[in-house]
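S.K.: Mind looking over this structure? Questions follow.
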There are 2 protein chains.
Amino acid sequence: MPVRILAHPDRGELQLDAVLSALSDPVRRRIASQLADGLDDQACIAFQLPVSKSTSTHHFRILREAGVIEQHYRGTAILNSLRATDLKARFPGLLQAILQAARNDAASPTTERP
Amino acid sequence: MPVRILAHPDRGELQLDAVLSALSDPVRRRIASQLADGLDDQACIAFQLPVSKSTSTHHFRILREAGVIEQHYRGTAILNSLRATDLKARFPGLLQAILQAARNDAASPTTERP
């Protein structure tokens with residue numbers, strides 16, 4: 001069976017617009033945070049997201065196309081890893097600042113969470 | 001003549017989604033960068049933006065509603081300031097990381113600019 005390959009931007013092609021837009025959504029930040037806090041190669045099913053499967057697939061795709069995550073097939077499962085090294089090389093400190101801001105945001109008593 | 005007041009979110013109301021979304025646009029990052037590099041109270045007309053006046057007004061409004069800039073009237077002119085202190089208090093390091101990433105992005109030979 002041919003291996004399905006998913007398209008990714010190269011490191012040099014990462015666009016700040018796309019990265020910021022991808023991470024402007026709380027579900028997508030949650031995916032990035034879980035990958036940042038955990039291991040590489042986490043299956044999509046390992047994420048407890050408050051959205052439907054098709055919406056979840058959409059969010060993973062946005063993150064991949066922006067270059068925030070790397071996705072590849074293992075059998076029929078798609079495994080996900082954070083492109084932390086590429087992001088750090090291209091936009092130093094950015095991912096860290098956003099994930100930290102997300103933690104502050106979640107911890108803030110003035111912020112209503114969905 | 002009554003003074004027109006423009007609505008702004010309080011510091012505690014700043015939302016990460018809105019801030020990242022506001023700064024995911026290159027024209028809006030350019031406004032924020034110019035304010036970060038310069039003085040407070042810059043008139044909209046002081047920004048050399050590659051868009052129409054109405055589009056420019058739209059971009060300033062998005063930044064204000066996200067809490068990235070403060071706007072107030074002086075006569076018929078609207079003056080703009082960066083809410084650097086509020087952003088730093090709410091999301092430490094975030095604005096700095098984004099503006100630095102924008103500088104890297106602009107300097108990158110692999111990036112096509114519009």
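S.K.: Quick check, is residue B:85 open to solvent by 60 Å² or more (accessible area, probe 1.4 Å), modelled with pLDDT of 95 or more and over 19 Å from residue B:25 (Cα atoms)?
M.R.: Judged against the criteria, residue B:85 is a match.
S.K.: Of all the residues that make up region A:88-103, how many are without any contact (Cβ under 8 Å) to a residue 12 or more places away in the chain, part of a helix (DSSP H, G or I) and open to solvent by 20 Å² or more (accessible area, probe 1.4 Å)?
M.R.: 3
S.K.: Then there's this: Identify the single condition in (1) open to solvent by less than 50 Å² (accessible area, probe 1.4 Å); (2) over 23 Å from residue B:96 (Cβ atoms) that residue B:58 does not satisfy, given that it satisfies every other one.
M.R.: Of everything listed in (1) open to solvent by less than 50 Å² (accessible area, probe 1.4 Å); (2) over 23 Å from residue B:96 (Cβ atoms), residue B:58 misses just condition (1).
S.K.: Next question. I need the full set of residues from region A:51-78 which are in contact with a strand residue (DSSP E or B) (Cβ under 9 Å, 6 or more places away or on another chain) and not aliphatic (A, V, I, L, M), in order please.
M.R.: A:57, A:60, A:61, A:64, A:70, A:71, A:72, A:73, A:74
S.K.: Just to check your reading of the model, which residue among A:28, A:4, A:11, A:64 is closer than 30 Å to residue B:30 by Cβ and open to solvent by 80 Å² or more (accessible area, probe 1.4 Å)?
M.R.: Unique residue meeting the criteria: A:11.
S.K.: In the list A:81, A:56, A:52, A:33, which residue meets the criterion of being over 16 Å from the mean Cα position of the chain (by Cα), farther than 24 Å from residue B:107 by Cβ and hydroxyl-bearing (Ser, Thr, Tyr)?
M.R.: A:52
S.K.: Turning to a different aspect of this structure: Could you grab me the full set of residues in region A:31-41 that are open to solvent by 30 Å² or more (accessible area, probe 1.4 Å) and either in contact with a strand residue (DSSP E or B) (Cβ under 8 Å, 6 or more places away or on another chain) or of a type in the set (Asp, Glu) (or both)?
M.R.: A:34, A:36, A:37, A:40, A:41
S.K.: Which residue out of A:39, A:79, A:49 is farther than 30 Å from residue B:103 by Cα, touching a His at 6+ places or on another chain (Cβ under 7 Å) and not aromatic (Phe, Trp, Tyr)?
M.R.: A:79
The values are calculated or read from the model by the stated rules, or taken from the named source; none is laboratory data. Please read these numbers as outputs of a predicted model, since none were measured by experiment. Methodologically, a virtual Cβ is constructed for each residue, glycine included, from the backbone with ideal geometry; neighbour enumeration extends over all protein chains shown. What goes into the accessible areas is simple: the full protein's heavy atoms, side chains included, and nothing from ligands, DNA or RNA. Shrake-Rupley method; radii C 1.70, N 1.55, O 1.52, S 1.80 Å.
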